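So the structure is just underneath, and the comments pick up after that.
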Amino acid sequence: MAERLQKLLSQAGIASRREAETLIVAGRVKLNGQVVTELGTKADPATDQIEVDGKPIRPVAGKIYLLLYKPVGYLTTLKDPEGRPIVTDLLKNVTSRVYPVGRLDYNTEGLLLLTNDGDWANRLSHPRHEVDKEYLVRVRGKVTPDQVKRMAAGVELEDGTTAPAKVFLASESDNNSWLSVTIHEGRYRQVRRMCEAVSLAVVRLKRIRYGFLELGELKPGEYRHLTQAEVERLLQPGRIRSGGGAPQRTGRR
Ligand code: URA
């Protein structure tokens, strides 16, 4: 969609709209190779090349990046033949068609990213990115140090042995234990299958972190837009797995 150049420049984080106008009037902005000084000029970031001082700007207009707290009982598919709720049912005032980055099971809750930026989603989902994902898992009964050790070292699943993971006991009561499990692979029902492999019965599964992003204050069903800085930082290799801060330790949940 065509937008005024000053709006596109400010959305791209180049300058405020007022400063962008100054850049345009000063002849520092080119549209498809031609200097433009006319303030009303519009461009479509999907098809037009915009440059400031000879440097192309990244088109961002129209792109949406959301961080949703997916509740239990929602599918991460875009349609369900059985008519069950899907995560996009939770979005209000989002007119563009967004879809989830990766998946969470129907019975899993927690942090889910959604976007309409296919390129960004593909890059994030690529194994090269190895984004750390941290889950809190409530399991029935007590967990032994040996079970924790085996999950951390890698367990044998039908589709191969899991990569080393960070696993620790976060809290326990008489009936249940909470484990923190951080993995960077994204195999189907991976955390549940890792628990099953060491004879642990999963009662609740919640993703609390994706790279450096955390659920924060969001409640189930709530979402927020990512900032441009967050969108870009997620793609930066090397900064993803180290994440932001210590893993969240739980009280009893
Ligand atoms: N692991 C699982 O078992 N389920 C999920 O939804 C996510 C990770």
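The values are calculated or read from the model by the stated rules, or taken from the named source; none is laboratory data. None of the values given here were measured: they were computed from a predicted structure. Here Cβ is always computed from backbone atoms with ideal geometry, including for glycine, and neighbour counts include all displayed protein chains.
Count, please, the residues in segment 139-148 that happen to be within 28 Å of the chain's Cα centre (by Cα) and either surrounded by fewer than 16 Cβ atoms within 10 Å (Cβ to Cβ) or within 16 Å of the ligand (Cβ to nearest atom) (or both). Total satisfying the criteria: 1. Candidates in segment 197-229 are the residues that are charged (D, E, K, R) and touching a strand residue (DSSP E or B) at 6+ places or on another chain (Cβ under 8 Å); of these, the one that is surrounded by the fewest Cβ atoms within 10 Å (Cβ to Cβ) is Lys219.
Number of residues in segment 64-91 that are touching a Leu at 6+ places or on another chain (Cβ under 8 Å) and not in a loop (DSSP other than H, G, I, E, B) equals 10. Apart from one condition, Val231 fits all of (1) modelled with pLDDT of 90 or more; (2) in a loop (DSSP other than H, G, I, E, B); (3) under 21 Å from Ala121 (Cα atoms); (4) in contact with a Phe, Trp or Tyr (Cβ under 8 Å, 6 or more places away or on another chain); the exception is (2). The number of residues in segment 180-210 being among the hydrophobic types (A, V, I, L, M, F, W, C), more than 12 Å from the ligand (Cβ to nearest atom) and in contact with an Asp or Glu (Cβ under 6 Å, 6 or more places away or on another chain) comes to 0.
Among the criteria (1) under 14 Å from the mean Cα position of the chain (by Cα); (2) closer than 16 Å to Arg187 by Cα, the one Val98 does not fulfil is (2). Anything in segment 170-179 that is more than 16 Å from the ligand (Cβ to nearest atom), of a type outside the set (S, T, N, Q) and surrounded by 17 or more Cβ atoms within 10 Å (Cβ to Cβ)? List them, or say none. Passing the criteria: only Ala170.
For segment 118-138, indicate whether the set of residues that are more than 15 Å from the ligand (Cβ to nearest atom), out of contact with any Lys or Arg (no Cβ under 6 Å at 6 or more places or on another chain) and assigned to a strand (DSSP E or B) is non-empty. No, because not a single residue in segment 118-138 is more than 15 Å from the ligand (Cβ to nearest atom), out of contact with any Lys or Arg (no Cβ under 6 Å at 6 or more places or on another chain) and assigned to a strand (DSSP E or B). Pairing each residue of segment 98-125 that is free of Cβ contacts under 8 Å to residues at least 24 places away in the same chain with any residue that is away from the ligand (no atom under 16 Å from the Cβ) and in a strand (DSSP E or B), provided the two are 6+ apart or on different chains, yields C-beta distances under 6 Å for Ala121/Thr115.
Please find, among Ala12, Ala2, Ala43, the residue that is at pLDDT below 80 and crowded, with 18+ Cβ neighbours inside 10 Å.
Ala12
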